[in-house]
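Colleague: Sharing a structure with you now.
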Amino acid sequence: MLRFTIRRLLQVIPTLLAVALLIFVIFSVVPGSFASSLMADGRTAADPEMLARLNEQFGLDKPLYLRFADYITGLARFDLGTSFRTREPVLDVINARLWASLKLAVAAMAFAIVVGVPLGFIAALRPGSLLDSVTMIGAVSGLSLPQFWLGLLLMYLFALVLGWLPSFGYGGGSWRYLILPAITLGVTPLALLARTTRAGVLEIANEDFIRTARSKGMSEARVVRWHLVRNVMVLVVTTIGLQFGSMMGQAVVIEKLFSWPGIGSLLVDSVSIRDTPVVQGTILVIVVWFLLINTLVDIVYAAIDPRIKQT
Amino acid sequence: MSDAPLLDLRNLHVGIPGRGAPLDIVRDVGFTILPGEAFGLVGESGSGKSLTALSLIRLLKKPLAVSGGEILFKGEDLRNLSDKAMRRLRGDRIAMIFQEPMTALNPLKTVGRQIAEMFVLHRGMGWGEAQKRAVDALASVHVPAPEERVRAYPFQMSGGMRQRVMIAIALACDPDLLIADEPTTALDVTVQDEVLKLIAELCSARGTAVLLISHDLGVIANMCQRVGVMYQGRLVEERDTYDLFADPRHPYTQGLLGALPRLGSRHGEAGRQRLVDIDGMIADRESLSREFCSEARNPVRDPRQRAGGGA
């Protein structure tokens, strides 16, 4: 188990290098630079001399491969560069925002798991029942609702009409500010989880070994506890992992909508002023998050399913 | 051994209840099994053998249900038992082995745990003690190195070994009746014989009665004192095995026996002899519900009925 974990963690490194290269190349070929975005006022053309001086100052006049070499050696020392805008280390800029994002992602996922998995389970145990129909219609609606629209709707209802919760902002970390963005962000994974769980339970309930369990004289409750749950978890963990991993990326819109000071809103702001080091760093963090969650899922898999450790 | 039958099945009907005329798939099947006796049930796929077996332990899948008849086990009609009383009987007094050893065991639990469940369920043991008994149970089905094998998962075992585990599970509580539904069909030919011998040996040693279901007359002939032939949901013939082979009465049985290859007959005087096949297809459920189901096939058709015309 330990060897498996270490091996999986080591596999993250080459992926990370490839992603770093990709991000670097993409942002080097995107037109526009921090210097030109600073100068642009929409009326007069930027002074070429000024531009050249700024580019030199930020090291943007060096050839691409040299810049990449600098970037990678920096990365190896956990140095993500310096923000063009604030002149602070990118790592500090991200660090100041990361915890808000993590808090939001964890809260949203917890909401999705705690509500979605039991709903799917109950729906599957009574297929065709009213609860089943309502759950599945709800799940399809949850999947097809645009998140920002749902967010606006919740804001309108709970903040403006009912006045129960603050409409946006961080509130210095108060949990009351967390509720609306977390629910908005959690609805899609919740709907997916409810559907996956339901499908998983129905699939496993048809397996031969469930019939074997019944032929042993087990009560239905024991059949579920002893033989169904763990097999369904294998399927559910996949969905949880994929959703949790991509959540940082999805949170960009929600953070902007609720003025949540996470790395999502940092990313949007930095892209608009071409603060390339911060953009690169932020994307890298989102990718690392995704890779880590995926690795974690693989490790959880191996713990649940003995067949995986072998291969 | 007393003369009172262990199992007395009378006029069993299995079908789909509900709208319109009930559609009976198994019709008017009755036979008795004495304590310690091996009774064979042969018939082609779809003839209702497995449904008959599953209805004995009340594990038919919805919408299928027993629609008539009596299932007397030790004089008590199983149809009248409460679910709880039936569960106590299932696995403990009547055990079942299924066709597919590859899927009949839970892939995520060790085989030892799956055997131990029987002792926990029916003998009220704790897991530790039950696990120790599981080692004995594995040893009794001649699994080599049982102390290690109890910790193995089904995917680490061959089909033959898994079927031995299934036998260990089924016989764990010394049942009065073992239902073996095509226990060797999914196995290699070389392993088939070993598994059959094992079932025969263990059951005769413990005085366990066997209901052996197969489409293979050879298997039945080796193991069973008496045999019933099922054809399109009916029991068309029930005889001593020896008599049946010597003098098959029902046209379908004659057809079945005619379809067996015989040693030495390949190069007869008249040149190569072809195996007789049974013409036609299994009737669909619509025509089954009509009165003369045997009409659906030529060689089985009674000449008198043919003259009179029919469906």
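Colleague: What order, most packed first, do the peptides B:48-60, B:205-217 have when packing is the mean number of other Cβ atoms within 10 Å of each residue?
Modeller: B:48-60, B:205-217
Colleague: Okay, moving on. Go through A:L292, A:Q280, A:P63 and say which Cα lies farthest out towards the positive end of the charge dipole of chain A; charges sit on Cβ, +1 for Lys and Arg, -1 for Asp and Glu.
Modeller: Of A:L292, A:Q280, A:P63, it is A:L292.
Colleague: For a distance above 21 Å, tell me the whole-number percent of Cα pairs in segment B:80-148 that qualify.
Modeller: Tail of the P(r) past 21 Å holds 32 percent of the pairs.
Colleague: Debye calculation, C-alpha points only, no solvent: report log10 I(q)/I(0) for chain A at q = 0.08, 0.09 Å⁻¹, in the same order as the q values.
Modeller: Log10 of I(q)/I(0), two decimals: -0.49, -0.61.
Colleague: Under unit Cβ charges (Lys, Arg +1; Asp, Glu -1), what dipole magnitude, rounded to 20 debye, does segment A:91-310 have relative to its Cα centre?
Modeller: 560
Colleague: Also, I was wondering about something else. Need one number: buried accessible surface between chains A and B, 1.4 Å probe, both sides summed, DNA, RNA and ligands left out, in Å² to 100.
Modeller: In total, chains A and B hide about 2400 Å² from solvent.
Colleague: Among A:K103/B:K109; B:K74/B:K197; A:K62/A:K256, which pairs are too far apart, with a Cα-Cα distance over 32 Å?
Modeller: Going by Cα-Cα distance, A:K103/B:K109; A:K62/A:K256 fall outside the 32 Å limit.
Colleague: Considering only protein heavy atoms and a 1.4 Å probe, what is the carbon-and-sulfur percentage of the accessible area of chain A?
Modeller: After summing per-atom areas, the C and S share lands at 68 percent.
Colleague: Ok, one more. Got a sec? What order do A:Y65, A:Y71 fall in by accessible area at 1.4 Å, biggest, i.e. largest, first?
Modeller: Largest to smallest exposure gives the sequence A:Y65, A:Y71.
Colleague: Report the local net charge at A:K216: Lys and Arg +1, Asp and Glu -1, summed over other residues whose C-beta lies under 11 Å from its C-beta.
Modeller: Residues near A:K216 contribute +3 overall.
Colleague: Quick one: how many Å² of A:W99 are accessible to a 1.4 Å probe, rounded to 10?
Modeller: Per-residue accessible area (A:W99): approximately 150 Å².
Colleague: Can you list residues from other chains, or at least 5 along the same chain, whose modelled amide H is less than 5 Å from the amide H of A:T82?
Modeller: Those lying under 5 Å, H to H, from A:T82 are A:V90.
Colleague: Quantify how strongly other chains surround peptide B:106-114 by giving the mean number of their Cβ atoms within 10 Å of each of its Cβ atoms.
Modeller: For peptide B:106-114, the averaged partner shielding equals 5.
Colleague: Another question about this same structure. What is the set of long-range amide H partners of B:G68 at a cut-off below 5 Å, with H atoms built 1.01 Å from backbone N?
Modeller: B:H13
Colleague: Find which of A:L145, A:A107, A:W226 sits farthest along the positive direction of the dipole of segment A:91-310, computed with +1 on the beta-carbon of Lys and Arg, -1 on that of Asp and Glu, about the Cα centre.
Modeller: Looking along the dipole axis, the top candidate is A:W226.
Colleague: Output ³J(HN,Hα) for segment B:182-196: one whole-Hz value per residue in order, computed from phi by the Karplus curve 6.51 cos²θ - 1.76 cosθ + 1.60 with θ = phi - 60°, and x for Gly and Pro.
Modeller: Using θ = phi - 60°, the values come out as 6, x, 10, 4, 8, 9, 4, 4, 5, 7, 3, 5, 4, 5, 4 Hz.
Colleague: log10 I(q)/I(0), Debye, Cα-only segment B:1-63, no solvent, q = 0.17 Å⁻¹?
Modeller: Scattering profile of segment B:1-63, log10 relative to I(0): -0.66.
Colleague: On to the next question. Got a sec to turn the phi values of segment B:141-148 into Karplus ³J(HN,Hα) couplings, 6.51 cos²θ - 1.76 cosθ + 1.60 with θ = phi - 60°, whole Hz, x for Gly and Pro?
Modeller: Listing the rounded values in order: 9, 6, 8, x, 6, x, 4, 7 Hz.
Colleague: So how far apart, in nm, are the two label points at A:W99 and A:N206 if each is 7 Å from Cα heading toward Cβ?
Modeller: So the two model labels end up 5.0 nm from each other.
Colleague: Further question on the same structure: I'd like to compare A:103-115, B:119-131: which one has the highest average count of other Cβ atoms within 10 Å, and what's the full order after that?
Modeller: Listed from highest to lowest mean packing, they are A:103-115, B:119-131.
Colleague: Suppose the chain between B:R10 and B:S45 were pulled fully straight at 0.36 nm per residue; how much longer would it get relative to their current alpha carbon spacing?
Modeller: Contour length minus Cα-Cα distance gives 10.3 nm.
Colleague: A follow-up question, please. If segment A:32-191 were replaced by its equivalent ellipsoid, with semi-axes equal to the square roots of 5 times the Cα gyration tensor eigenvalues, what would those be, largest first, whole Å?
Modeller: 46, 20, 17
Colleague: Related question: Give me the mean projected area, in nm² to one decimal, of the convex hull enclosing the Cα positions of the protein assembly as shown.
Modeller: So the mean shadow area of the Cα hull is 43.3 nm².
Colleague: Measure nothing fancy, just the Cα-based angle from helix A:229-257's long axis to the longest principal axis of chain A, in degrees from 0 to 90, nearest 10.
Modeller: Result, in degrees: 30.
Colleague: Could you check the spin-label model distance between A:S246 and A:R176? Points 7 Å from the Cα along Cα→Cβ, value in nm.
Modeller: Between A:S246 and A:R176, the simple spin-label model gives 3.5 nm.
Colleague: Moving on to the next point. Averaged across the residues of B:87-95, what count of C-beta atoms belonging to other chains lies within 10 Å of each residue's C-beta?
Modeller: Other-chain Cβ atoms within 10 Å of each residue's Cβ, averaged: 3.
Colleague: Given a 1.4 Å probe and heavy atoms of the protein chains only, how would you sort A:V252, A:V223, A:V140, largest accessible area at the top?
Modeller: Accessible-area ranking of A:V252, A:V223, A:V140, largest first: A:V140, A:V252, A:V223.
Colleague: Now for a different question. Applying the Karplus parametrisation 6.51 cos²θ - 1.76 cosθ + 1.60 with θ = phi - 60° to the phi angles of segment B:220-231, what ³J(HN,Hα) value in whole Hz is obtained for each residue in order, glycine and proline being reported as x?
Modeller: For segment B:220-231, the Karplus-derived couplings read 5, 4, 5, 10, 10, 6, 10, 9, x, 9, 9, 8 Hz, x marking Gly and Pro.
Colleague: Apply 1/(1 + (r/R0)^6) to the Cβ-Cβ distance of A:R7 and A:R53, taking R0 = 60 Å, and write down the FRET efficiency to the nearest 0.05.
Modeller: Computed FRET efficiency for A:R7 and A:R53 comes out at 0.75.
Colleague: What FRET efficiency do you get for B:F245 and B:D83 if R0 is 41 Å and r is their Cβ-Cβ distance, rounded to the nearest 0.05?
Modeller: 0.50
Colleague: What whole-number value in Å² describes the accessible area per residue of segment A:91-310 for a 1.4 Å probe?
Modeller: Accessible area per residue: 43 Å².
Colleague: For segment B:28-134, what is the charge dipole size about the Cα centre, in debye to the nearest 20, if Lys and Arg each add +1 at the Cβ and Asp and Glu each add -1 at the Cβ?
Modeller: Roughly 520 debye for segment B:28-134.
Colleague: Looking only at other chains, what is the average number of their beta-carbon atoms within 10 angstrom of each beta-carbon in A:205-212?
Modeller: 6
The values are calculated or read from the model by the stated rules, or taken from the named source; none is laboratory data. None of the values given here were measured: they were computed from a predicted structure. Backbone-built Cβ (ideal geometry, glycine too); neighbour counts: all protein chains shown. These accessible areas exclude ligands, DNA and RNA; they are computed on the full protein's heavy atoms, side chains included. Shrake-Rupley method; radii C 1.70, N 1.55, O 1.52, S 1.80 Å.
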